[in-house]
Amino acid sequence: MRHAWIFLLLLGCIPDIPGPVLVEDSSGYEKGEVVPDFTLIDQHGEEVTLSEFEGSVVVLDVSTMWCVPCQKLSAHTEALYQERINDDFMYLTLLQEDVNTAPPTIENLNQWADSFGITAPVLADGDKSVAAVIDGTYPAVLVIDRDMTVHERVNPVDDALLREVVDELF
């Protein structure tokens with residue numbers, strides 16, 4: 001198998017494997033940096049703007065539909081959202097790709113939300129305008145403080161660690 005990959009590589013025929021998201025400017029997504037504002041469409045077809053949540057703690061979860069760790073994290077999204085819903089807290093899931101690595105549709109956003117019982121916004125970022133992903137590693141999860149500054153990049157992420165980092169801000 002290894003020789004087949006080398007042969008394909010030499011021919012320039014590399015299979016379409018999800019890889020790094022290359023962006024020209026990824027500033028604003030590291031600890032201590034102010035996150036750039038964005039407006040994206042949610043699973044209901046409504047515009048959601050990050051700055052709407054200034055004054056709240058925000059979890060920004062940049063995922064793809066094909067990513068198994070993203071799916072595992074999403075199984076806990078609604079529980080965390082509901083536990084903190086009255087505490088000036090928002091959980092935003094941004095889907096950058098569907099299961100075929102294409103930009104997600106509103107139907108895909110609804111499938112994701114329904115599959116995991118998520119009532120918080122699930123947003124389409126098919127053009128990958130939110131440059132939080134580093135080295136193609138999904139999910140990219142940022143905990144943003146009330147001033148829209150990255151408090152922590154949680155990686156590798158699991159539900160317990162995410163909750164611990166969120167709790168630091170309350």
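Quick look at the numbers
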{"item": "Residue match in the stretch 16-30 (condition: within 17 Å of THR137 (Cα to Cα), modelled with pLDDT of 90 or more and of a type in the set (Ser, Thr, Tyr))", "result": "yes"}
{"item": "Every residue from the stretch 77-110 that is among the hydroxyl-bearing types (Ser, Thr, Tyr) and more than 16 Å from the chain's Cα centre (by Cα)", "result": "none"}
{"item": "When residues of the stretch 39-57 are limited to those that are outside any strand (DSSP E or B), out of contact with any helix residue (DSSP H, G or I) (no Cβ under 7 Å at 6 or more places or on another chain) and not small (Gly, Ala, Ser), the one surrounded by the fewest Cβ atoms within 10 Å (Cβ to Cβ)", "result": "GLU46"}
{"item": "Candidate set: the stretch 86-128, residues that are among the hydrophobic types (A, V, I, L, M, F, W, C) and either touching a His at 6+ places or on another chain (Cβ under 6 Å) or loosely packed, with under 14 Cβ neighbours inside 10 Å (or both); chosen: the one nearest to PHE38 (Cα to Cα)", "result": "ALA102"}
{"item": "Matching entry among THR93, THR119, THR105 (being among the hydroxyl-bearing types (Ser, Thr, Tyr), under 13 Å from THR64 (Cβ atoms) and modelled with pLDDT of 95 or more)", "result": "THR93"}
{"item": "Pick from the stretch 129-170, criterion surrounded by fewer than 17 Cβ atoms within 10 Å (Cβ to Cβ) and among the β-branched types (Val, Ile, Thr), ranking: nearest to VAL58 (Cα to Cα)", "result": "THR149"}
{"item": "Where a residue in the stretch 61-87 is on the phi > 0 side of the Ramachandran plot and in contact (Cβ under 8 Å) with a residue 24 or more places away in the chain and its partner, wherever it lies, is in a loop (DSSP other than H, G, I, E, B) and among the small types (Gly, Ala, Ser), with Cβ under 6 Å and at least six apart", "result": "none"}
{"item": "Failed criterion for VAL165 (all others in (1) of a type in the set (A, V, I, L, M, F, W, C); (2) touching a strand residue (DSSP E or B) at 6+ places or on another chain (Cβ under 9 Å); (3) within 20 Å of HIS44 (Cα to Cα) hold)", "result": "(3)"}
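The values are calculated or read from the model by the stated rules, or taken from the named source; none is laboratory data. Note that the coordinates shown come from a computational prediction; the quantities given were computed from them, not determined experimentally. Neighbour counts run over all protein chains shown; Cβ positions are idealised from the backbone, glycine included.
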